[in-house]
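Notes for the one structure printed next.
The values are calculated or read from the model by the stated rules, or taken from the named source; none is laboratory data. Being a predicted model, the structure only gives us computed values, none of them experimental. Here the Cβ positions follow ideal geometry from the backbone for every residue, glycine too, while neighbour counts run over all protein chains shown.
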Amino acid sequence: MPKDVVMQSQTFSQTVRLPGVDDFLKKYPRYTKFTRGEGRFLFDLIMQPEALIRAQVLADFNLPSVLSVAEDCRLAIDKNAGSLLLNSFTKQFIGAAICVLMEANDFQKTGIKKSVPHQSFSIGEFYKRV
């Protein structure tokens, strides 16, 4: 074993593609009014490099990627204190946004849905690297 092991610092960088509203609505036009209205803050919260990094790690560990933003979205909806609820429509929107984010960054759906270990979500899609 080496005598002088010294901690090293390394920089890690990754290019992240963040879809815009128009990119999202091309795939999911049913969310147009929501995305351009009261749900826009959720879209902006999800389309962040940190969300993608967490979603990638979850995918690598065979967990549903929606878990990467589940708690952040729940807290943001609670803080917003408007008419927006974390109901099935909103949860489906969050899942759709994660889908577009993952697919823009070279992941694809596996077709496998399993339970999400979060009190606000029941099931979520699994993704794999392309």
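Restricted to the stretch 96-130, and to residues there that are among the small types (Gly, Ala, Ser) and not in a strand (DSSP E or B), the residue that is nearest to PRO19 (Cα to Cα) is ALA104.
Looking only at the stretch 72-90, decide whether some residue is touching a residue at least 60 places away in the same chain (Cβ under 8 Å) and surrounded by 18 or more Cβ atoms within 10 Å (Cβ to Cβ). No, there is no match, as no residue in the stretch 72-90 is touching a residue at least 60 places away in the same chain (Cβ under 8 Å) and surrounded by 18 or more Cβ atoms within 10 Å (Cβ to Cβ). Among the residues of the stretch 55-71, count how many are assigned to a helix (DSSP H, G or I) and either hydrophobic (A, V, I, L, M, F, W, C) or closer than 15 Å to CYS99 by Cβ (or both). Counting residues in the stretch 55-71 that are assigned to a helix (DSSP H, G or I) and either hydrophobic (A, V, I, L, M, F, W, C) or closer than 15 Å to CYS99 by Cβ (or both) gives 9.
Against the test of being at pLDDT 95 or above, over 15 Å from the mean Cα position of the chain (by Cα), closer than 20 Å to HIS118 by Cα and not in a loop (DSSP other than H, G, I, E, B), the options PHE93, PHE89 yield a single qualifying residue, PHE89. Given the condition acidic (Asp, Glu), surrounded by fewer than 16 Cβ atoms within 10 Å (Cβ to Cβ) and closer than 25 Å to PHE12 by Cβ, answer yes or no: does some residue in the stretch 44-51 qualify? Yes - at least one qualifying residue is present in the stretch 44-51. If you go through the stretch 97-127 one residue at a time, how many are within 14 Å of the chain's Cα centre (by Cα) and basic (Lys, Arg)? Matching residues across the stretch 97-127 total 1. Screening ASP78, ASP23 for residues that are assigned to a helix (DSSP H, G or I) and over 16 Å from the mean Cα position of the chain (by Cα) leaves exactly one candidate, ASP78.
For the stretch 31-51, which residues satisfy the criterion of being among the charged types (D, E, K, R), over 17 Å from the mean Cα position of the chain (by Cα) and either outside any helix (DSSP H, G or I) or closer than 13 Å to ILE94 by Cα (or both)? Answer for the stretch 31-51, where residues must be among the charged types (D, E, K, R), over 17 Å from the mean Cα position of the chain (by Cα) and either outside any helix (DSSP H, G or I) or closer than 13 Å to ILE94 by Cα (or both): ARG36, GLU38.
If the condition is being more than 15 Å from ALA55 (Cα to Cα) and of a type in the set (Lys, Arg), then the stretch 115-130 contributes no residue at all.
Note on the stretch 1-43: residues that are farther than 19 Å from MET102 by Cα and exposed (fewer than 12 other Cβ atoms within 10 Å of the Cβ) amount to 14.
Would it be correct to say that ALA97 is crowded, with 18+ Cβ neighbours inside 10 Å, under 24 Å from PHE12 (Cβ atoms) and in contact with a helix residue (DSSP H, G or I) (Cβ under 8 Å, 6 or more places away or on another chain)? No, not satisfied.
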